[in-house]
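Please read the structure below before turning to the comments.
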């Protein structure tokens with residue numbers, strides 16, 4: 001017997017296709033918040049692809065500026081831009097579901113990807129991740145009603161997920177002619193030419209990842225914002241051992257179990 005599957009919105013489809021981890025975690029959010037969370041995921045995807053879609057740094061900066069202005073125009077009450085993500089983003093902002101300052105900060109954090117000299121150190125890498133993946137998790141937490149005192153822990157959880165994702169993506173980024181690993185650990189040109197060169201650095205950064213934060217007291221309504229941390233923990237352990245990370249049933253079961261357990 002087959003059960004009908006609700007048709008996804010354009011943002012939901014983008015989230016499922018381009019960010020399946022966060023999409024799956026978003027399914028555990030309250031139903032009335034889920035569409036705004038899909039919109040946030042789609043917005044983050046648009047920011048992430050700015051450098052990929054525009055090979056020239058200046059063009060990438062222009063794309064990021066376009067999205068920052070779309071957020072600002074929504075808050076000024078100006079008409080929505082005609083775009084499959086910008087229009088629902090405008091609506092979510094006007095409804096107060098998404099935090100405009102947080103979205104703008106996410107766009108500004110992406111500017112580090114346009115720096116031709118690269119990311120200079122591990123500390124700079126973590127700062128970049130706190131603004132991008134960490135910033136995403138803070139906006140998601142606010143959307144889902146996380147208490148303000150837990151937002152720093154959510155930001156750290158997002159940073160760890162971002163770190164794991166970046167380390168997993170080294171070969172894919174190299175294929176695009178890009179490398180976001182610290183330049184004081186490895187030369188970007190060498191990684192782009194041969195991603196295997198980065199394996200020792202990937203293991204080092206995964207092994208040195210900060211401890212996962214305590215999220216004790218996070219309300220069940222906001223658990224979806226923290227669930228990617230479950231995947232980050234699993235990924236970083238495997239990466240530190242030099243293992244390849246491939247999504248499987250075990251990862252989904254881990255998220256499912258985490259969604260049912262009290263936060264720690």
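Take 49-57, 163-171 and order them by the average number of nearby Cβ atoms within 10 Å per residue, most first; the result is 163-171, 49-57. As a check on your grasp of the helix formula, calculate [θ] at 222 nm for the chain: sum -39500 (n - 2.57) over DSSP H runs of n ≥ 4, divide by the residue count, round to the nearest 500. Rounded to the nearest 500, it is -18500 deg cm²/dmol. Placing a pseudo-label 7 Å from each Cα along the Cα-to-Cβ vector at residue 121 and residue 65 gives an inter-label distance of 3.1 nm.
The mean sequence distance of close C-alpha pairs (under 8 Å, at least 6 residues apart), as a share of the length of the chain, puts its relative contact order at 18 percent. Given labels modelled 7 Å from the Cα in the Cβ direction, how far is it in nm from residue 76 to residue 243? It works out to 5.2 nm between the two label points.
The distance linking the range 133-169 with the range 204-264 is 12 Å (Cα centroid to Cα centroid, whole angstrom).
Between residue 257 and residue 53, the contour length at 0.36 nm per residue exceeds the alpha carbon distance by 69.8 nm. Spin-label model, residue 190 to residue 17: label points 7 Å out along the Cα-to-beta-carbon direction sit 3.8 nm apart. Extents of the chain, taken as max minus min of Cα coordinates on every principal axis and listed largest first, are 46, 44, 43 Å.
Between residue 207 and residue 91, the contour length at 0.36 nm per residue exceeds the alpha carbon distance by 37.6 nm. In the range 150-264, the alpha-carbon atoms span a convex hull of 105 Å³ per residue.
Apply the a/c threshold of 1.5 to the C-alpha gyration tensor of the range 1-74 and tell me whether it is rounded, prolate or oblate. Provide the component values of the computation, followed by the final result.
Numbers: a/c = 3.09, a/b = 2.01, b/c = 1.54.
Cα axes put the range 1-74 in the prolate bin.
Per residue, the convex hull around the alpha carbon atoms of the range 55-113 comes to 77 Å³.
Bear in mind that the values in this text are calculations on the coordinates, not laboratory data. Please read all numbers here as calculations on a predicted model, not as lab measurements. For neighbour counting, all protein chains shown are included, and Cβ atoms are generated from backbone atoms with ideal geometry for every residue, glycine included.
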